[in-house]
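Data first, discussion second: the structure below is written as structure tokens.
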There are 4 protein chains.
Amino acid sequence: MKARVFVTLKGEVLDPQGAAIQKGCRALGYDAVRAVRQGKLFEIELDADDESKARQLLEELAEKLLSNPVIEDFSVERIEP
Amino acid sequence: MKARVFVTLKGEVLDPQGAAIQKGCRALGYDAVRAVRQGKLFEIELDADDESKARQLLEELAEKLLSNPVIEDFSVERIEP
Amino acid sequence: MKARVFVTLKGEVLDPQGAAIQKGCRALGYDAVRAVRQGKLFEIELDADDESKARQLLEELAEKLLSNPVIEDFSVERIEP
Amino acid sequence: MKARVFVTLKGEVLDPQGAAIQKGCRALGYDAVRAVRQGKLFEIELDADDESKARQLLEELAEKLLSNPVIEDFSVERIEP
């Protein structure tokens, strides 16, 4: 089973590097780019009998090992059999 | 308009840190975790008239500014109006 | 002129990924590893007349563009002519 | 004992995000910034009897767990007792 865990800074946490990249986009002529925020992505393969168990495991992993809940949000997506 | 750009190491490129995280998961009792690979995630807000233009812009950005095509793949997802 | 800017999570901010890597190290037999924390590193080349000006510029960059002062510390090191 | 491991992309490997940050610096008025390259930094605490053993352990860790030798270089610095 395959899944993706996304870890992003909470909305109220500044991301100055993302802002610098956004300025860089505009400096290179991509004026339409209004905001850029950086996050982390984890592609995870796991042994799991059923999708709901897998999702529960992934949420536990994401919460405890892959993110800092004080400053980051996470989401689990794209479970593939 | 909002979108996510995912940047991941190409399949043939080793990700030792991802492997270390996988070992860490197992050491903490998450034996079901077979593989972990780290990637990058960019959340992008942009001004765009229509989705196909936005997607084209995002693919250009992803290819030229956000990834190194020699070692990384990218994909554009979750366009929201 | 060349320098390195280091950006690290403040001591009181948890780094669960770093902790997972530490567990991975131990699982691979590196029992001596007591703690791992992840940070960011920027190698910067800049035009500058003298080192003290360069250092001032780098500290401004580090504070405003490369780090989030609420959750991260930075330091500037290894200025080379 | 405390040390820092630096992991940087090899010189011949493009770093488009670093380049975007450099453009962003210039767009914000920091014209002196000629190049920016992103790297990773690991702060490691370890039990070790003597510095030469510690350094050897850290180089092994850096080479096997923290970097991909095909695309990245590493260095070990700032050992503190």
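When the helices in the protein assembly as shown are scored as -39500 (n - 2.57) per DSSP H run of 4 or longer and the sum is shared across all residues, what 222 nm value do you end up with, to the nearest 500 deg cm²/dmol? Working shown, then result.
Working: 8 runs with 92 residues, N = 324.
So the helix-based figure for the protein assembly as shown works out to -8500 deg cm²/dmol.
Sum up the lysine pairs in chain C that clear both bars: alpha-carbon distance under 20 Å and a spacing of 8 or more or different chains.
On the way: C:K2/C:K40; C:K2/C:K53; C:K2/C:K64; C:K10/C:K40; C:K10/C:K64; C:K40/C:K64; C:K53/C:K64.
Final tally of qualifying lysine pairs is 7.
Could you check how much of the accessible area of the range B:19-79 is carbon and sulfur, as a whole percent, using a 1.4 Å probe?
Details: 1260 of 2860 Å².
For the range B:19-79, the apolar C and S fraction of the accessible surface comes to 44 percent.
So what are the ³J(HN,Hα) numbers for the range B:64-70, from phi and the Karplus equation (6.51, -1.76, 1.60; θ = phi - 60°), rounded to whole Hz, Gly and Pro as x?
Per residue, the Karplus-derived 3J(HN,Hα) values read 9, 10, 9, 9, 9, x, 6 Hz.
What residue of chain D sits with its beta carbon nearest the rotation axis taking D to C, and at what distance in whole Å?
Result for the D and C rotation: D:L41, 2.
Whole-Hz ³J(HN,Hα) for each residue in the range C:38-45, computed from phi via Karplus 6.51 cos²θ - 1.76 cosθ + 1.60 with θ = phi - 60°, x for glycine and proline: what do you get?
Those phi angles translate into 8, x, 10, 9, 10, 9, 10, 9 Hz.
Tell me the per residue accessible area of the protein assembly as shown using a 1.4 Å probe; a whole number in Å² is fine. Don't jump to the answer; show the numbers that get you there.
On the way: 15090 Å² over 324 residues.
I get 47 Å² per residue for the protein assembly as shown.
To the nearest 100 Å², how much accessible surface do chains A and B cover up together, summed over both, with a 1.4 Å probe?
Working: alone 6050 and 6040 Å², together 9070 Å².
Roughly 3000 Å².
What whole-number distance in Å separates the alpha-carbon centres of the range A:1-55 and the range D:54-69?
After rounding, the separation between the Cα centres reads 28 Å.
When Lys and Arg each count +1 and Asp and Glu each count -1, what net charge do the other residues less than 10 Å away from C:G24, Cβ to Cβ, add up to? Spell out each step's value before the answer.
Working: positive: B:K23, B:R26, C:K23, C:R26; negative: none.
Summing Lys and Arg as +1 and Asp and Glu as -1 gives +4.
So for the protein assembly as shown, what percent of the C-alpha to C-alpha distances run longer than 34 Å? Could the numbers behind the result be given before it?
Working: 11569 of 52326 pairs.
Counting pairs separated by more than 34 Å, the tail of P(r) holds 22 percent.
The values are calculated or read from the model by the stated rules, or taken from the named source; none is laboratory data. This is a predicted model, so every value here is computed, not measured. Quick reminder, even Gly has a Cβ in these numbers, built from the backbone with ideal geometry, and neighbours come from all protein chains shown. Only protein heavy atoms, including side chains, enter the accessible area calculation; ligands, DNA and RNA are left aside. Shrake-Rupley method; radii C 1.70, N 1.55, O 1.52, S 1.80 Å.
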